[in-house]
Each structure stands twice: as C-alpha cells, then as structure tokens.
Amino acid sequence: MNAPSPAPSHPPPRESELARAEAEQASQEARLAEQLNRAATEAESLSRRLTELRQQVSRVPAERQTDEHVRGASARLESASVHTGSTEDARERGLAARHEALEARRRASQEAQAALQSLQLLNTRAQQDLGEAEAGLKRSAEAAARAQREREAAAKAAQAAQARQTAPAHRKAPAQENLTIPEPRPLGARSSRVRMQTAIDMRSDSNFFTGFATNISEGGIFVATVQSVPRGTTVDLDFTLPGGRPMKVSGVVRWTREVNDKTPELMPGLGVQFSNLPPEVVSAISDFVATREPMFFPD
C-alpha cells in the first residue's frame with residue numbers, strides 16, 4: 001500500500017493571492033478615482049464657462065445680434081453641452097465590488113474606465129465649442145470697436161472739412177492759437193534744440209497724441225506747422241489750453257506729417273514726445289483729453 005504524498009510544506013494560501021490581487025486592483029482604483037475627480041472638476045469649470053458665455057451673448061447689443069460671429073457663437077453655445085454628472089455611483093460600485101469576487105471588481109473598474117473615456121471625449125468637444133464661441137465673440141467685439149473708431153474718424157474729418165469750407169477762400173497764415181512758431185536761431189548756428197509755441201483747443205490742428213499706452217505722459221503733442229524739424233531734435237515747447245495759463249514742456253521730435261495732396265485738409269506738422277512732464281502739467285493735460293480725444297500714433 002502506497003503512502004499518501006506529503007502536502008507541500010508552504011502552499012500559497014488563498015488569502016495571499018487575494019491580497020495581491022486586491023492590492024493591484026486598489027492601485028488601479030486609486031488612479032482611476034484621481035482621474036475621475038480631475039475630469040469632474042474640469043466638467044464643472046466648463047459648465048461655469050458655458051453659462052458665462054451664454055450670459056455674455058445675451059448681453060450683446062441688439063444692433064450686433066445679426067453679426068455673423070455673434071450668431072455663430074450663439075448657435076455653438078446653444079448646441080454645446082457639458083456633462084457634470086456625479087461620479088459617486090461609479091465610485092460606490094467600485095467600493096461594493098471589493099466585497100465581491102475579483103472579477104466583479106474588474107468589471108466595475110472597466111465600467112469606470114468607459115465612463116472616464118466618455119467624459120473626456122465630451123469635455124474635448126465642449127472645449128472646442130467654447131473656444132470657437134469665444135473667438136467669434138472676440139472678433140465681433142473687435143469689429144465693433146474698429147467700426148466705432150472709423151465712424152469717429154469720419155465725423156472728425158467731416159467737421160474739419162466743414163470748418164475749412166466756412167473759412168475765407170484765400171486763407172491767410174494760421175491763426176495765432178494754432179500757429180507753431182519756432183524761435184529763430186542765430187545766423188550760422190547749428191543746434192539740435194529748438195523752441196516752439198502753439199495753442200490747443202477743441203478745434204485746433206495741434207492736439208495731443210498717444211500710442212498703445214493710455215498714459216498721456218507717455219504720449220506727446222502733435223504740433224501743426226509747416227516748419228521742417230528733423231526727427232530726434234529736442235524741442236522746448238510753450239503751449240496753452242483753453243482758459244489756461246501758458247505751460248512749458250520739453251520733448252523730442254519722434255514723427256512728422258508731410259503735406260499730402262490726397263488729404264489736403266490735414267495740416268502738416270510734427271509729433272513731439274514728452275520728456276519728464278511735471279505733475280501739474282500731467283493733471284492739466286489729463287483734464288483736457290477727457291473732453292477732446294487725443295490723436296493715435298503707434299510707437
């Protein structure tokens with residue numbers, strides 16, 4: 001009679017196998033839970049963004065409602081959808097599966113993985129729709145601002161043309177308030193610094209100018225003059241504002257406007273950029289440009 005085979009001295013216990021499998025599954029579930037949290041957070045952010053853009057479209061003025069960009073943005077926002085459903089159900093199924101067989105836990109993880117992929121796809125589509133809607137609204141706002149600037153420029157040009165039509169047919173030298181008078185230099189003297197005078201009011205050819213910066217101290221004065229002064233020349237400028245006392249500033253000639261047959265109504269002149277404006281002068285100029293818009297010259 002044969003003796004029974006001895007049992008293995010160290011059989012792998014079932015608990016160890018389950019623990020190993022559970023550890024692997026727990027690691028996968030932790031990673032999946034983190035991804036689900038991130039996707040849900042992104043969905044909530046996109047939902048808030050969608051609501052804000054819809055409100056922005058609803059506040060677009062009536063005259064811009066027919067703008068093709070606004071209509072396109074409105075249509076995209078109407079069809080756009082963001083799924084912000086909670087992922088707690090998927091998480092609870094994962095926790096409940098830990099008390100079931102390993103295969104049940106794997107199936108729950110697969111379901112969560114499918115939910116993640118679906119949400120990521122929906123988020124990607126929503127991101128594209130919102131991005132295109134934002135771009136359309138931006139283009140519409142830029143077009144409206146550009147049209148407004150063109151209307152203002154046309155109105156100013158019409159006012160200038162009307163003012164010149166009412167002037168005498170044979171216009172004499174510019175009036176003293178619009179005249180720029182360079183001080184004469186001694187014979188034979190060559191200097192890179194000149195002194196000029198001008199007056200600025202609501203209808204003068206001379207005016208303040210700014211670039212892309214709105215700070216007037218970074219801009220200067222366009223001096224209407226037929227006198228040719230090279231760029232880079234330092235200018236000591238005396239000027240007056242309506243009802244104000246004469247003020248003195250210094251600057252450098254940065255640009256010039258020559259006589260142009262295509263726009264004869266525009267006086268020639270030069271742009272003097274400010275240097276070290278005193279605070280009281282900045283205050284006086286700021287009060288004036290609040291009533292008359294300065295010229296625009298991109299630096």
Item to complete: State all residues of region 246-266 that are among the hydroxyl-bearing types (S, T, Y) and out of contact with any helix residue (DSSP H, G or I) (no Cβ under 9 Å at 6 or more places or on another chain); if no residue qualifies, say none.
Response: S250, T256
Fill in: Candidate set: region 89-111, residues that are modelled with pLDDT under 80 and among the acidic types (D, E); chosen: the one nearest to the chain's Cα centre (by Cα)
D89
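Here is a yes/no grid of residues against (1) within 42 Å of the chain's Cα centre (by Cα); (2) at pLDDT 90 or above; (3) closer than 21 Å to A284 by Cα:
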site	(1), (2), (3)
N178	yes, no, yes
S192	yes, no, no
Q197	yes, yes, yes
D201	yes, yes, yes
S204	yes, yes, yes
F208	yes, yes, yes
T214	yes, no, yes
G219	yes, yes, yes
Worksheet item: What number of residues in region 239-265 are surrounded by 15 or more Cβ atoms within 10 Å (Cβ to Cβ) and part of a loop (DSSP other than H, G, I, E, B)?
Response: 1
Worksheet item: Taking the stated definitions as given, is A30 among the aliphatic types (A, V, I, L, M) and surrounded by 14 or more Cβ atoms within 10 Å (Cβ to Cβ)?
Response: no
Item to complete: Could you list all residues from region 205-238 that are closer than 15 Å to E293 by Cα and part of a strand (DSSP E or B)?
Response: N207, F208, F209, T210, G220, I221, F222
Worksheet item: For region 57-68, does any single residue satisfy the condition of being free of Cβ contacts under 8 Å to residues at least 24 places away in the same chain, closer than 21 Å to Q120 by Cα and among the acidic types (D, E)?
Response: no
Worksheet item: Residues in region 91-104: is at least one surrounded by 15 or more Cβ atoms within 10 Å (Cβ to Cβ), within 14 Å of A43 (Cβ to Cβ) and touching a residue at least 40 places away in the same chain (Cβ under 8 Å)?
Response: no
Item to complete: May I ask you to say which residue of L266, L277, L237, L270 is hydrophobic (A, V, I, L, M, F, W, C) and under 13 Å from I200 (Cβ atoms)?
Response: L237
Item to complete: Could you look through region 208-238, keep only residues that are in contact with a Pro (Cβ under 7 Å, 6 or more places away or on another chain) and of a type in the set (F, W, Y), and pick out the one that is farthest from E258 (Cα to Cα)?
Response: F212
Discussion item. Looking only at region 266-285, count every residue that is part of a strand (DSSP E or B) and not aliphatic (A, V, I, L, M) and tell me the total.
Written reply: 4
Discussion item. Would you confirm, using the coordinates I've provided, whether T84 is surrounded by 12 or more Cβ atoms within 10 Å (Cβ to Cβ), modelled with pLDDT under 80 and either in a loop (DSSP other than H, G, I, E, B) or out of contact with any Ser or Thr (no Cβ under 9 Å at 6 or more places or on another chain) (or both)?
Written reply: yes
Worksheet item: So E29 clears everything in (1) modelled with pLDDT of 80 or more; (2) of a type outside the set (V, I, T); (3) in contact with an Asp or Glu (Cβ under 8 Å, 6 or more places away or on another chain) except one condition, right? Which one?
Response: (3)
Worksheet item: Only one of (1) at pLDDT below 85; (2) surrounded by 10 or more Cβ atoms within 10 Å (Cβ to Cβ) fails for A7. Which number is that?
Response: (2)
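The values are calculated or read from the model by the stated rules, or taken from the named source; none is laboratory data. What you are looking at is a predicted structure, and each value in this text was computed from that prediction instead of being measured. For neighbour counting, all protein chains shown are included, and Cβ atoms are generated from backbone atoms with ideal geometry for every residue, glycine included.
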